[in-house]
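Notes follow once the structure below has been shown.
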Amino acid sequence: MAQNSNKGSAVYDPSFDAHSPKQLTLMSELHQSIENQELELFYQPKVRVKDGVLTGAEALVRWNHPKHGLLGPDLFIPLMERSRLIQGLTSWVIQEGFAQCAQWHQEGLDIVLSINLSAKDLNNPELPDLIAGIKGATGINPAWITLEITESSLMTDPDAAMAVINRIHAMGFQFSIDDYGTGYSSLSYLKQLPLKELKIDRSFVSDIVQNESDAVIVNATINLAHNLGLEVTAEGVEDADTLALLKAEGCDIVQGYYLGRPMTKDAFSQWSQEQES
Ligand code: C2E
Ligand code: CA
Ligand code: CA
Ligand code: CA
């Protein structure tokens with residue numbers, strides 16, 4: 001569990017135990033969280049390595065719990081994934097993310113917004129229509145949106161997942177494979193999916209300066225991705241040395257606390273203006 005202390009970023013209540021019987025209470029509270037407007041999207045910058053330009057942001061959900069304060073997604077998304085609650089969360093995130101992205105483009109902030117889909121979402125045949133509806137309502141250009149999926153989300157029913165992905169891609173939305181290297185990777189699906197981006201998981205990135213085998217894995221992954229025509233994002237970049245090494249390896253985009261923490265939408269707007277000046 002990440003414990004952040006920076007202003008404007010997530011601060012999680014350390015006394016909160018997700019494994020206690022409180023889970024049951026939490027579950028019923030989750031039912032109300034959307035209606036009560038307790039969910040909030042934070043935005044973390046994605047920066048192009050070669051020139052340091054802000055090119056995107058990843059939307060990361062937080063729950064402003066009335067008693068426990070700001071809770072991170074690791075505490076409540078797994079709970080929601082056990083029921084149909086996750087569908088409500090996903091439609092809320094898409095609605096909120098598309099609307100915010102449309103507003104940023106109206107204000108002249110030309111960025112691509114990455115939105116996380118849950119494994120369950122790809123087994124929902126109604127997801128393409130939901131996305132089409134929100135696209136129409138917000139006037140979003142699908143080229144401004146990247147949907148992040150994980151390797152494991154393809155495993156339950158690969159054909160169904162592939163069908164959902166292809167229908168959404170046909171509308172013009174981009175796809176990214178998230179947490180690459182942590183699931184059961186298969187090169188065959190990498191080839192079959194309409195992917196734009198591969199994100200190397202933080203667990204491989206954070207130690208590359210000290211750990212030779214991590215550096216080898218990251219180097220090989222960047223080459224593989226480039227040979228498949230994919231853009232590579234490294235996540236979890238926490239210091240200048242890691243960034244320098246990734247630059248030398250030809251990584252395209254970086255994300256991590258060194259570049260910027262997940263921020264509220266207002267903090268992100270302000271941060272992006274400071275980058276320009
Ligand atoms: P993820 O998609 O891999 O997101 C990256 C996580 O790494 C985020 O944690 C982010 O705050 C954290 N992070 C970013 N840079 C650094 C860094 O430099 N160092 C360290 N130690 N951590 C960093 P977060 O926000 O707690 O999200 C956890 C996971 O929850 C996400 O992992 C994603 O799988 C899931 N998630 C977040 N938002 C959503 C959402 O809207 N929908 C769904 N389905 N899942 C979400
Ligand atoms: Ca992600
Ligand atoms: Ca990730
Ligand atoms: Ca992750």
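Of the Cα atoms belonging to segment 23-132, the radius of gyration and Dmax stand at 15.3, 48 Å.
Restricting everything to alpha-carbon atoms, can you work out Rg to Rh for the chain with a Kirkwood hydrodynamic radius? All intermediate terms of the calculation are to be shown ahead of the outcome.
Numbers: Rg = 18.3 Å, Rh = 19.4 Å.
Expressed as Rg/Rh, it is 0.94.
Sequence-ordered 3J(HN,Hα) estimates for segment 91-96 from the Karplus curve with 6.51, -1.76 and 1.60 and θ = phi - 60° stand at 5, 5, 4, 5, 4, 5 Hz, glycine and proline given as x. The spacing between segment 100-165 and segment 185-255, judged by their C-alpha centroids, is 22 Å. Modelled this way, with points 7 Å down the Cα-to-C-beta line, the labels at Ala99 and Ser277 are 2.9 nm from one another.
Keeping all protein chains in place, calculate the accessible area per residue for the chain (probe 1.4 angstrom), answer in Å².
On the way: 13090 Å² over 277 residues.
Averaged over the residues of the chain, the accessible area is 47 Å².
Each label point was placed 7 Å from the Cα along the Cα-to-Cβ direction; for Ala137 and Glu40 their separation is 2.3 nm.
Please go through segment 117-190 and write out the chymotrypsin sites (Phe, Trp or Tyr not before Pro) that DSSP classes as loop and that have at most 14 other C-beta atoms within 10 Å. Counting only loop positions with at most 14 other Cβ atoms within 10 Å, the chymotrypsin sites (Phe, Trp or Tyr not before Pro) in segment 117-190 are Tyr184.
How much of the accessible area of the chain, probe 1.4 Å, is carbon plus sulfur, in whole percent?
Values: 6390 of 13090 Å².
Looking at the chain in its full context, I get 49 percent from C and S.
Here's how it looks for Val112: its modeled amide H is under 5 Å from those of Gly56, Ala57, which are all 5 or more places away or on a different chain.
Taking θ as phi - 60° and the Karplus parameters 6.51, -1.76 and 1.60, the scalar couplings of segment 249-256 work out to 7, x, 5, 7, 9, 10, 9, x Hz in sequence order, x denoting glycine and proline.
Straight Cα distances below 18 angstrom link Lys46 to the lysines Lys196, Lys199, Lys247, Lys265, with same-chain residues fewer than 8 positions distant left out.
Of the peptides 121-128, 29-36, the ranking by mean beta-carbon count within 10 Å, highest at the top, reads 121-128, 29-36.
A Förster radius of 22 Å, combined with the Cβ-Cβ distance separating Ala220 from Ala244, puts the computed FRET efficiency at roughly 0.70.
The values are calculated or read from the model by the stated rules, or taken from the named source; none is laboratory data. Please read all numbers here as calculations on a predicted model, not as lab measurements. When we count neighbours, we look across all protein chains shown, and the Cβ atoms used for this are built from the backbone with ideal geometry, even at glycine. Accessible surface is based on the protein model in full, side chains and every heavy atom, while ligands, DNA and RNA are left aside. Shrake-Rupley method; radii C 1.70, N 1.55, O 1.52, S 1.80 Å.
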